[in-house]
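Working notes, beginning with the structure itself.
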Amino acid sequence: MSAHETLPRPRSAAGGGDSPPRAPRGTGFRLFGRFRFGYLSPAVLVVAVLLYLPFLWTVYLSMTRYDGLGSPVFTGLENYTRLLDDPAMLTSIRNTLLWVLGTTVLPVGLGLLVAVLSYDIRGGGWYRLPFLLPYAMSGAGLGLVWGFILQPDGVANKVLGFLGMPGGETAFLNDGPENTLAMIVVWTWQQLGVNMLLFVVGLQSIPRAPIEAARLDGASGWRLFRHVIWPLMRPLTTVVVGLALVASLKTFDIVWVMTQGGPGRTSETLAVTMYRDVFVADEYGYGSAIAVLLTTVTGLSSYAYMRRQTRREDF
Amino acid sequence: MKPTMPSRVTALSAAAVLLALAGCSSGGDSGGDSAGKKTEIKLYNDKGAWSKYFYEMGTLSKREIGLGVKPVGYTDEPSYTAFIKASFRTKVKPDLFTWTTGGRLREIVKQNQVADTSAIWQEAVGSGDLPRSLQDYYTIDGKQYCVPLNTAYWGMFYNKKIFAEHRLKPPTTWAELMRVADTLKSKGQVPFHHTTPTSLFSFVWFGQLLAGTDPDLYERLNTGKASYTDPGVVKVMERWKGLIEGGYFSEPGDKADPADHFKSGKAAMVMSGTWFNTSMTQRGLKQGTDYGFFFVPNVEPSLPKTSLIFESGPLCSLRKAPDPEASTRFLKWWITPKAQETWANSRGDVSGNPKVKAADPELGAITKEAASDRYRLALRYFEAAPAPVLTAVLDGLSGFLVKPGTYMKVLQDIQKANDQYWKTQGSGS
């Protein structure tokens, strides 16, 4: 038994020692008091069985060669070294980075722009409505509809041709990385609305006093936004960008429906490559290694981003 | 004694765990009578669009052998394959399931999962319900597995109205086929439908051109005895590239269903298996009046026989099926003339049973013609190629369809996968 376990922890009236003060009992903060672990245990058990155990199994599989039949054969880090040597992986990483960059800038940036421009004006809700409607579509439905619009000689080509604009002959989904860029535009079309809505809620919830004070001091337009409104909206922006970051790293459905990662694997993202290697190529071990890589990258980048954006004590 | 709060919480947690475990342990069930004997079997398949025909067969089988059918149709191939493979390790096992012949069947037979159907084959070949020529595709290490779900010959479907408009006839040589295509092209009509790069069918023209140019090389390629960078394969890719760049095909990437494409007249010809008749029938088109079918002539005219691409999809049962007796009874019944006549004619396709008379005279003529000694059967590339090589080929060819100039790089990439596969099989190219 360690010394740490034998020594009683010093307790103070507030909760004890150097740790942050604890809320006193009966305030509602500790819901259900000492029975809380009992109430939590079924949910914790379900999460552990359905999430953590499969993840540990995936980590194990990533160090094996396995085709879904028979038993996995342990191969150590072979799948991870193969990742570095696979040209399809490089394309997949490039496309994922494009998705991260594109979807954290375009839907978030344009969502903020529309929210700010339409906020506090007469009939602003009506201006925002068309941007919000595409969000009602499912990811698969979005992919199907835009797949037809962007196909060779499809609606997009015909409209561009009719207007005499360049791009009338472009096969948007046939070449990489153009196909990835086209899909990012489609994604922006759908996601802009929900980001805009979140920013409008943010604008509505910020206190009026600092804004009025800044106005009295002569601030207006861009200066008012840059130095007063934007800093006040920072907590919300952190959440919106954080969600966009995680969503972009796991981009799958729209790509799978529109191009299935093709042609010739040119539009695969890490999530698509993972799915393809496991379920199409039956390389469960290699696909699991990609899954572990993707989880690690998503976890680390989210953590790094949140850490940077929030104060240490709030995190 | 009144239970305390913690003990009630513990009891509730335990009940939740037991419920979850009970849910996990309950196997899939199929219909059964009071004596526990099956009255309905679940037929898992990757042909979701064929549910109507499976139900029709179920009505007939219920009447004839007391076993109804509940089809469980998937439309996504990877999900279907993953489910079937997972069923080998779980208690949720299908009574019957569809699969593919060739490397994929061998793969699951080697795992000792598939029920042996040698006795069914022996009896059926003896009675003439199944041809001996078909038996080879279902034989692994001297034993037979599964029975034919469907059989199809590959050829060219052509739009009769477009052909009549330009006074064209079905060609009998490659030169004639190209003359037909040139005429159509000169009139502004796209001659051939090209598969979309993302579909499973990017192999179709590759297989046809190779088998029609050098059928021996086609066989050697699929058994690891030839390389994808062989000059013969390169020549085929160059011919295909020439056709794409020459404007003989519809735009790659067109998402329209080939059947819709064909019906609308966007392309005058579609290369497909005879099961394409089902798609035509579903769209109200009739063979003989709206469309016709011809076998694709050899590219190489000096070959003694015309290479005919052929496929046969198996209907299988597991060694540890929920009720092996019921599954076997159904498989025995499935290949009888009466069952096959209903199955083939409802879909407008050919049957694996030679005794079946096609309701459509043109289809009957195709079956008779295919059985003549003028043709050399070649198993469809999709089944003939080993699964890992096929994946690389489909990836490579989908890229080639939109960038034909990359054909050498595509072949080199495929060859890498080919080398890797055959190295593990103790053979190499």
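The values are calculated or read from the model by the stated rules, or taken from the named source; none is laboratory data. Quick caveat: nothing in here was measured; it's all calculated off a predicted structure. We place every Cβ from the backbone using ideal geometry, glycine too, and count neighbours over all the protein chains shown.
Among (1) touching a helix residue (DSSP H, G or I) at 6+ places or on another chain (Cβ under 9 Å); (2) buried (at least 18 other Cβ atoms within 10 Å of the Cβ); (3) not hydrophobic (A, V, I, L, M, F, W, C), where does B:P215 come up short? Only one criterion in (1) touching a helix residue (DSSP H, G or I) at 6+ places or on another chain (Cβ under 9 Å); (2) buried (at least 18 other Cβ atoms within 10 Å of the Cβ); (3) not hydrophobic (A, V, I, L, M, F, W, C) is unmet by B:P215, namely (1). Just to be sure, is A:G176 in a helix (DSSP H, G or I), at pLDDT below 90 and either within 14 Å of chain B (Cβ to nearest Cβ) or surrounded by fewer than 16 Cβ atoms within 10 Å (Cβ to Cβ) (or both)? The answer is no for A:G176. The set of residues in the stretch A:261-311 being within 14 Å of another protein chain (Cβ to nearest Cβ), among the basic types (K, R) and not in a helix (DSSP H, G or I) consists of A:R265 alone. Listed by position, the helices (runs of 4 or more DSSP H) inside the stretch B:106-172 whose residues that are of a type in the set (S, T, Y) number at least 1 are B:118-127, B:132-135. Among helices (runs of 4 or more DSSP H) entirely within the stretch B:201-317, having at least 2 residues that are under 28 Å from B:L411 (Cα atoms) singles out B:204-213, B:215-222, B:231-245. Based on this model, can you work out whether A:Y303 counts as over 23 Å from A:I184 (Cα atoms) and touching a strand residue (DSSP E or B) at 6+ places or on another chain (Cβ under 9 Å)? For A:Y303, the condition - over 23 Å from A:I184 (Cα atoms) and touching a strand residue (DSSP E or B) at 6+ places or on another chain (Cβ under 9 Å) - is not met.
Can you find even one residue in the stretch B:32-51 that is surrounded by fewer than 13 Cβ atoms within 10 Å (Cβ to Cβ) and either under 27 Å from the mean Cα position of the chain (by Cα) or modelled with pLDDT of 90 or more (or both)? Yes, some residue in the stretch B:32-51 is surrounded by fewer than 13 Cβ atoms within 10 Å (Cβ to Cβ) and either under 27 Å from the mean Cα position of the chain (by Cα) or modelled with pLDDT of 90 or more (or both).
On the given criteria, is A:L40 in a helix (DSSP H, G or I), hydrophobic (A, V, I, L, M, F, W, C) and either modelled with pLDDT of 90 or more or on the phi > 0 side of the Ramachandran plot (or both)?
So A:L40 does not fit the description; no.
Of all the numbered requirements in (1) of a type in the set (A, V, I, L, M, F, W, C); (2) within 14 Å of chain A (Cβ to nearest Cβ); (3) touching a residue at least 60 places away in the same chain (Cβ under 8 Å), B:F83 misses one, and that requirement is (3).
Please determine whether any residue of the stretch A:99-111 is in contact (Cβ under 8 Å) with a residue 12 or more places away in the chain, within 13 Å of another protein chain (Cβ to nearest Cβ) and not charged (D, E, K, R). Checked against the condition, which is being in contact (Cβ under 8 Å) with a residue 12 or more places away in the chain, within 13 Å of another protein chain (Cβ to nearest Cβ) and not charged (D, E, K, R), the stretch A:99-111 yields no hits at all.
Of everything listed in (1) touching a residue at least 60 places away in the same chain (Cβ under 8 Å); (2) closer than 25 Å to B:G273 by Cα; (3) not in a loop (DSSP other than H, G, I, E, B), the single unmet condition for B:F330 is (2). Condition test on A:T237, is it more than 14 Å from every other protein chain (Cβ to nearest Cβ), buried (at least 17 other Cβ atoms within 10 Å of the Cβ), hydroxyl-bearing (S, T, Y) and under 22 Å from A:M183 (Cβ atoms)? No; evaluated as a whole, the condition is false for this residue.
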